[in-house]
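Q: Mind looking over this structure? Questions follow.
Coordinate-derived values only; no laboratory data. This one's a predicted model, so the numbers in the text were calculated from it and none came from an experiment.
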Amino acid sequence: MNVHNQLKRISLMIILVLALSGLSTFANATLMLNDHNFVYDSDLNITWNQPYAMPLSGGWAYNVGTIGDVTGWRLPTLSEMSHLYFVEMGNQLGNATGYGSFFPNLRGTIYWASDTFPGNPQVAYTFNFNNGSVNSYYKNYGNVLTIVVHDDNIAPIVENVPVPEPSAFLLFGAGFVGLAFCRRKTKEQSDSL
């Protein structure tokens with residue numbers, strides 16, 4: 001009976017360790033830096049131009065064109081900016097906790113989206129990287145910044161970001177220490193029999 005209780009305890013410990021290890025997450029698991037200093041998002045299959053947070057002269061422009069030697073840049077959609085802000089950067093509505101190491105020049109202000117206002121093509125939406133809100137302005141409004149994207153990955157990856165959070169290491173370590181302790185207890189008790 002004593003051995004049966006120990007086996008139950010060990011089984012419960014293993015289940016607990018497995019359950020806790022499943023709670024560990026990866027930070028920015030889909031953002032990758034490529035060799036042109038652009039940031040590739042494998043979730044959306046787009047590349048962000050991270051070094052620039054630039055105002056466009058004359059306001060909104062969907063097709064931004066050429067940056068460096070790369071053509072085909074465009075404004076991101078609201079959906080793409082929301083994914084970056086909420087999913088990749090881990091921010092919450094009303095509270096930006098950070099912009100990630102890949103976007104050091106991103107400011108907590110409004111950025112143009114490619115989405116235009118239904119019924120009025122002279123108005124476009126903006127995304128606020130300070131709080132995750134959406135607004136709209138006439139396209140000739142000049143106080144809105146621009147971050148641009150390119151479809152697909154446009155350069156080889158040099159840095160991948162899937163790094164486990166420190167809490168994952170603590171959970172794994174605590175689980176292994178607990179298993180070692182249970183194993184030692186079981187061995188001591190079986191040696192005494």
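Q: Just subtract the alpha-carbon distance of Leu78 and Asn130 from 0.36 nm times their residue separation and send over the number in nm, one decimal.
A: Length difference between fully extended and current span is 17.3 nm.
Q: I want to verify the translational diffusion coefficient of the stretch 29-161 in µm²/s; compute it with Stokes-Einstein, Rh as the Kirkwood radius over Cα pairs, at 20 °C and 1.002 mPa s.
A: Details: Rh = 14.8 Å.
Result for D is 144 µm²/s.
Q: Which whole-Hz ³J(HN,Hα) couplings does the stretch 80-90 yield from phi under the Karplus relation 6.51 cos²θ - 1.76 cosθ + 1.60, θ = phi - 60°, glycine and proline marked x?
A: 5, 5, 5, 4, 4, 5, 8, 7, 6, 8, x
Q: Using the Karplus equation 6.51 cos²θ - 1.76 cosθ + 1.60 (θ = phi - 60°), what ³J(HN,Hα) coupling, rounded to whole Hz, does each residue of the stretch 130-147 give in order, writing x for Gly and Pro?
A: 7, 9, x, 8, 10, 9, 9, 9, 5, 5, 8, 5, x, 9, 10, 7, 9, 10
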